[in-house]
């Protein structure tokens, strides 16, 4: 009986050794692995893998500025809370398995998309200076700071992020739709975007435009920005020929529709987004609006019955 035990024990040992050997994580990027060696999470030589046990409890990982292009292996950092991977050559980041992630800094890379839908604890995100065309933060209720400047964003809906206090989305030249309902922003920068209207929950409770931390670049605040967030409507609006003059103005402003009569509504807002006056017009190709206002910047919004909405900045001398 004892003679038969040796082969059995040997086979069991081999199975255990095989299983132990299998507990490795692939790290195909040489620079990524080299950085892990520097952090004493791996040991030479570079062989494209690392023992999973050595990374499974890592909570903070600094990979900034190491010419890394592939983050394969990141999925096994299951305890990761803080990731710094800015200044690399990364075109894709998969953080779906890093569900405890709290902060992510991935600026200055080549990202065209970023999926953070499986990171409910995320409270800080800096993804600026990339090529991101859309970002969904609706599953990130803890998000406190969002920096997404210098990307290719078209729209940004933050209405589900009631913890958000700081937003920098400047230098997204095609960004035309911004919804900050339910947020409590103390820092906001929308400069160098196409945003004309910023949607808020309460026009009486908007970010302080006199603060040095608020840059809205001529946009207005409104509880309903209408069709300003529709790309198709913006394209169609460009086909409607209209002119607003004089600008700057003295006591009256004229709106002309050279291509024919229009029906719709005309609204005038001050720079804080407060409605000053509003009137409907029917079958008009020319409208004259007399304004008894103090000097300053105002926004004239035209809502046409076809569903088109356009905003025009005017100045009272």
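Read the figures in this text as sums done on the coordinates, not as results from a lab. As the structure is a computational prediction, the values presented were derived from the model and not from experiment. Positions of Cβ are backbone-derived with ideal geometry, glycine not excepted, and every protein chain shown enters the neighbour counts.
Can you sort 137, 200, 187 by how many other beta carbons sit within 10 Å, fewest first? List each step's numbers first, then the result.
Values: 137 21, 200 24, 187 17.
Final ranking by Cβ density, sparse to dense: 187, 137, 200.
Restricting to Cα atoms and excluding each atom paired with itself, what does the Kirkwood estimate give for region 99-239 in Å?
Working: mean 1/r = 0.0660 Å⁻¹.
It is 15.2 Å.
Once you sort the root eigenvalues of the Cα gyration tensor of region 169-223 as a ≥ b ≥ c, which label holds: rounded (a/c under 1.5), prolate (a/b larger than b/c) or oblate (the other case)? Don't skip to the answer; put the middle values down first.
On the way: a/c = 1.87, a/b = 1.29, b/c = 1.45.
Oblate.
7 Å from Cα along Cα→Cβ at both residue 202 and residue 214: what's the point-to-point distance in nm?
Each label point is offset 7 Å from its Cα along the Cβ direction, giving 1.5 nm.
Sorting check: for 252-260, 208-216, 123-131, which peptide has the highest mean count of neighbouring beta carbons within 10 Å, and how do the rest follow?
Working: 252-260: 14.6, 208-216: 12.9, 123-131: 20.2.
The densest-packed peptide leads the list: 123-131, 252-260, 208-216.
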